[in-house]
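Participant: A single structure is presented below for examination.
No value in this document is a laboratory result; all are computed from the given coordinates. All of these numbers come straight from a predicted model, not from anything done at the bench. Because the Cβ atoms are built from the backbone with ideal geometry, glycine has one as well, and the counts that use them run over all protein chains shown.
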Amino acid sequence: MDHRIAAAMGAVLILALVSYAAGAAPSSLTYYINVAASGNATVVMVFASNGSGAFYTYVPRFEPWSVTVWRGAIVGKRIENSSAYFYHNATFEYLVDETGAFGMNISFRFPFASLYAGERGWFMTPLLGAPPGTTVTVVVTIEGLGSVLDVSLDNAIVRYSLDGNTLKVQRISLRPGGSRVTVDYRLARPVEETTMELDANGTLVRVRAVPYYKGLARAVAGVVGKAVPYLRDIFGYSPSSVDFKVFLPTRMDLSALGYVMGEDINAGGEGPIHLNLALLRFKEGYLETTVVHELVHKALGALGVPANRELRWFHEGVAQYVSVKICEKIGIDVSDAEASLESAARVFGSGLAKPGFVQRWTPSGDEGSYYAASYYVVATLAEERGGLSYIKRVASEIRRRGGVSSNQDLVEALSAAAGEDLAPRFRDWGFEVSETRVAAVPRLAAALAAAALAAAVAFSLLVILLWRRRGERCPYCYGEVPRGAAYCPYCGYPLRARSEEGYSAS
Ligand SMILES: [Zn+2]
Ligand SMILES: [Zn+2]
């Protein structure tokens, strides 16, 4: 508690100093972003000031950027890691010229600034940053812009003006961890989607998207080709073809990176895999694990595991566990994903919370805890019994039974594959399952047990809620994120607007 107050006071002090400095020297930063028909953009950041001082902002980590000074001089420069994975923090100390002015540009290329699916386009700025007191403007020119559907700043609606293809958002108040502007729009003339067909090591991969995403299609086919031998070995799943469709995020809602329709899973794992095009802008490892994750859902569907409210946890737990393991085997860096899964599951390992609440999949906004608990149960059982080889024994047990339709069925299959009755373990975790082949317990005892279980479940939820409030966690990868950050530093997931104490001043 104490250090938080101290940190808040420190922040207030810094803000006071900076706004004093800014008051003395009004400065402005304008982002000019030019989006070509392909969706790739060039960015020119124009910074101007009427007094010497320091300017800090975000610059891309993986794209080269260049600086042009057109008034005054830069006398110091510092580039540091930022809390955002794709960006560095750049600080420039500058002096005005004899007319009392300083001006500089920072330019860089910005691939996949706009993404397209069907008639729609989705644009998101790079991470915006400037010292408090700077007047920040974003000017975006989008080739092929039809009608604007929605413009948001950090996921909240924002005022804008439109002149032809050029959209302007003025006097933006930035968050300390950086901000983003998004534009959801309709294209004047939609780019026609095609079906790109690729051979993935004997599996036909079909990706339906606009032709700009050939690179994505190749990456997807590469992952499928490498993952299918493992999926065949573990689940006996080797599809002759896999279809992919793409979808766009809305504003900054990236709550799903990929999905397979529940009814398609329940119909034997048929149907296409839907991929969020925003994956094009994610760190390496996310597209790969998402593709394998969705393939695991299909493999489980083909085995006869429905993704219903009761068994959804098993689907998600296995999909998370197996996708990371397979991606690791095929040479993809999943250290972030692995570390964040482990840290998210820690609350269950420590016994502070019981994961059994997932037996009724009703997250309503609390997906993070449900995914973490599902992962914890599957990973714990598997790691104690040989990892993927245990999952393989479970899969063949499920196949032998012609599928499973309830948690009772599932625990029996998991027990058979483990060679021991796992029902007591599941009850410890808060699941309502009865022993396999054991006489029914007397009614009063059953009622007492049910009451105890209900209390345990309620307690788990309470602990999870408290735990969620204490630390800031990314809802996608569950990594611990800095307070007030707009983006997860591990996976790039945009974190929703939070009304955090200490950050409203600007
Ligand atoms: Zn899933
Ligand atoms: Zn994350």
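Participant: Show which aspartates and glutamates lie in cross-link reach of Lys77 when reach means a straight Cα distance below 16 angstrom and same-chain residues fewer than eight apart are skipped.
Facilitator: Leaving aside aspartates and glutamates fewer than 8 places away in the same chain, those within reach of Lys77 are Glu93.
Participant: Mind sorting Ser340, Ser161, Ser374 by how few other Cβ atoms lie within 10 Å of their own Cβ, fewest first?
Facilitator: By the 10 Å Cβ count, ascending, the order reads Ser161, Ser340, Ser374.
Participant: Filter the cross-link list Lys298/Lys325; Lys298/Lys329; Lys168/Lys214; Lys325/Lys354; Lys214/Lys298 down to pairs whose alpha-carbon distance in this structure exceeds 28 Å.
Facilitator: Lys168/Lys214
Participant: If you don't mind, there's one more thing I want to ask. Roughly what would the spin-label model give for Ser350 and Ile74, points 7 Å off Cα along C-beta, in nm?
Facilitator: 4.4
Participant: If I stretch the segment between Ser343 and Lys245 completely, what's the gain in nm (0.36 nm per residue apart, minus their alpha carbon distance), one decimal?
Facilitator: Net length gain for the segment: 32.1 nm.
Participant: Let me ask something additional. Under the 0.36 nm per residue contour assumption, what length would be gained going from the current alpha-carbon distance of Ser405 and Glu420 to full extension?
Facilitator: Working it through step by step, the gained length comes to 3.3 nm.
Participant: Set the Förster distance to 30 Å, then compute FRET efficiency between Asn50 and Leu149 from the Cβ-Cβ distance, nearest 0.05.
Facilitator: Calculated transfer efficiency: 0.20.
Participant: Charges on Cβ only, +1 for Lys and Arg, -1 for Asp and Glu, centred on the Cα centroid of the range 25-187; of Met45, Gly121, Gly177, which one is farthest towards the dipole's positive end?
Facilitator: Checked the options; the winner is Gly177.
Participant: Using the 10 angstrom Cβ neighbour count as an exposure proxy, how do Asp366, Asp428 rank, fewest first?
Facilitator: Final ranking by Cβ density, sparse to dense: Asp428, Asp366.
Participant: Can you put Met104, Met261 in order, fewest other beta carbons within 10 Å first?
Facilitator: Lowest count first: Met261, Met104.
Participant: Which whole-Hz ³J(HN,Hα) couplings does the range 331-344 yield from phi under the Karplus relation 6.51 cos²θ - 1.76 cosθ + 1.60, θ = phi - 60°, glycine and proline marked x?
Facilitator: 3J(HN,Hα) across the range 331-344, in whole Hz: x, 9, 6, 10, 4, 4, 4, 4, 4, 6, 4, 4, 5, 5.
Participant: Residue separation times 0.36 nm, minus the C-alpha to C-alpha distance between Asn40 and Lys168: what's the value?
Facilitator: 44.2 nm
Participant: Okay, next question. With θ taken as phi - 60° and the coefficients 6.51, -1.76 and 1.60, list the Karplus ³J(HN,Hα) couplings across the range 243-249 in order, rounded to whole Hz; mark glycine and proline as x.
Facilitator: 9, 10, 10, 10, 9, 9, x
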